[in-house]
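Student: Below: one structure in C-alpha cells.
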C-alpha cells in the first residue's frame with residue numbers, strides 16, 4: 001500500500017533520512033558507512049539512484065518482485081520507481097554507496113537527451129549488475145570524483161564536471177553489462193531458444209487472433225524478464241532486436257498464408273492479429289516490397 005512506502009521526491013530527503021549533509025540541491029554521493037543506522041523501508045524514488053550494495057540484509061524488493069541480492073551489486077532506479085527492504089522493525093547499518101541525482105541536474109546537457117539509452121534503469125532487480133573487483137574499483141573511482149567535486153563551492157563549471165562524471169559512470173556500466181551478458185552466454189542462449197519456441201507457439205495456437213500482434217512485452221513476461229533486459233539480451237546474442245525477430249517470423253508466416261488462395265487476405269490479416277486488413281497490407285509491402293495481392297499473383 002502507498003501508505004507503507006516512504007516517498008522521497010528530492011535528493012535532500014534521502015540525505016536527511018540517512019543523516020547526511022546536502023552539499024548540492026540536485027545530486028548526492030553517499031558512503032553508507034558514514035551514515036547512521038536506519039529502519040528498512042520501501043521507498044518511492046523521485047530521482048535517479050544508483051546503489052552499490054555491499055551488505056546483505058533481507059531481500060531487496062523492486063516493484064512487485066523480491067531479489068535476494070549478492071554483495072557488490074549495482075541496482076538502478078529511475079524517477080517514479082519503488083524499491084527497498086520490507087520493514088521488519090529492526091534498524092540496520094547499511095554498507096555501500098549511493099549516487100542520487102535529479103532530472104533537473106541534467107537539463108541542457110547531452111546526458112539528458114541520452115538517458116533513455118541507459119536501458120538498465122528499467123531492468124528488474126534480479127537483472128542487477130554484479131561487479132567484479134576491478135569493476136567495483138572503477139565504479140568507486142567515479143563516485144569519489146563526483147564526491148570530490150561536490151566538496152567544492154558551486155560555480156559555473158560544477159554542472160558540467162558533475163554530469164560528465166555521472167555519464168562516465170553510466171558508460172562504464174554499459175560496458176560491464178556487456179561483459180555480464182557475455183559471461184552468461186549459455187544461459188542467454190537458453191532464453192533465445194525458449195523465445196523462438198514461444199514465438200512458434202504464438203501463431204500455432206492462434207494466440208494472435210485473441211491477443212493481437214505479438215509484442216516484446218508479451219515474450220518478456222513469459223520469460224520473467226523486464227522488456228528492456230530481454231530486448232538487450234536478444235540484441236547482444238543475435239545483433240537483431242527482439243522486435244526484428246518477431247517481425248521476421250510474422251512476415252515468414254504471412255508469406256505462406258498469402259499463397260493459400262483458399263483464404264481471403266482479410267481472413268489472413270485477422271489470423272495474424274492485425275486489427276485492420278489495410279494495416280496488414282501496409283506491413284507486408286514495407287517488408288516484402290510488394291502488396292499481398294501482388295505477391296500472391298507473382299508467386
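Student: Let me confirm something: among 122, 132, 158, which residue is more than 30 Å from residue 276 (Cα to Cα), modelled with pLDDT under 90 and surrounded by 15 or more Cβ atoms within 10 Å (Cβ to Cβ)? Show your work before the answer.
Tutor: Numbers: 132 fails: surrounded by 15 or more Cβ atoms within 10 Å (Cβ to Cβ); 158 fails: modelled with pLDDT under 90.
None of the other options fit; the residue is 122.
Student: Still on this structure, please answer the following. Could you please find all residues in the range 116-130 being touching a residue at least 60 places away in the same chain (Cβ under 8 Å) and in contact with a strand residue (DSSP E or B) (Cβ under 8 Å, 6 or more places away or on another chain)? Steps first, please.
Tutor: Of all residues in the range 116-130, those touching a residue at least 60 places away in the same chain (Cβ under 8 Å) come to 119-128, 130.
Within the range 116-130, 120, 121, 123, 124, 125, 126, 128, 130 meet the criteria.
Student: Which one of 95, 145 is more than 24 Å from residue 228 (Cβ to Cβ), modelled with pLDDT under 90 and in contact with a helix residue (DSSP H, G or I) (Cβ under 8 Å, 6 or more places away or on another chain)?
Tutor: On the way: 145 fails: modelled with pLDDT under 90.
The match here is 95.
Student: Going through the range 188-219 one residue at a time, which ones are at pLDDT 90 or above and within 18 Å of the chain's Cα centre (by Cα)?
Tutor: 215, 216, 217, 218, 219
Student: For the range 224-250, how many residues meet the condition of being closer than 19 Å to residue 201 by Cβ, touching a helix residue (DSSP H, G or I) at 6+ places or on another chain (Cβ under 8 Å) and surrounded by fewer than 17 Cβ atoms within 10 Å (Cβ to Cβ)?
Tutor: 2
Student: Looking at 87, 188, which is the one that is in a loop (DSSP other than H, G, I, E, B) and either on the phi < 0 side of the Ramachandran plot or in the same structural domain as residue 13 (by TED's automatic domain parsing) (or both)? Walk me through it before giving the result.
Tutor: On the way: 188 fails: in a loop (DSSP other than H, G, I, E, B).
Result of the check over 87, 188: 87.
Residue-by-condition table, conditions (1) in contact with a strand residue (DSSP E or B) (Cβ under 8 Å, 6 or more places away or on another chain); (2) under 26 Å from residue 84 (Cβ atoms); (3) surrounded by 13 or more Cβ atoms within 10 Å (Cβ to Cβ); (4) in contact (Cβ under 8 Å) with a residue 12 or more places away in the chain:
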residue	(1), (2), (3), (4)
136	yes, yes, yes, yes
142	no, yes, yes, yes
150	yes, yes, yes, yes
167	no, no, yes, yes
173	yes, yes, yes, yes
177	yes, yes, yes, yes
190	no, no, no, no
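Student: Is there a residue being in contact with a helix residue (DSSP H, G or I) (Cβ under 6 Å, 6 or more places away or on another chain), closer than 23 Å to residue 123 by Cα and modelled with pLDDT of 90 or more anywhere in the range 10-22? Can you show your working first?
Tutor: First, pick out the residues of the range 10-22 that are in contact with a helix residue (DSSP H, G or I) (Cβ under 6 Å, 6 or more places away or on another chain): 22.
Subset that is closer than 23 Å to residue 123 by Cα: none.
Within the range 10-22, none of the residues are in contact with a helix residue (DSSP H, G or I) (Cβ under 6 Å, 6 or more places away or on another chain), closer than 23 Å to residue 123 by Cα and modelled with pLDDT of 90 or more.
The values are calculated or read from the model by the stated rules, or taken from the named source; none is laboratory data. Since the structure is predicted, the reported quantities are computational estimates derived from the model, not experimental observations. Neighbour counts are summed over all protein chains in view; Cβ atoms, including those assigned to glycine, are modelled from backbone coordinates with ideal geometry.
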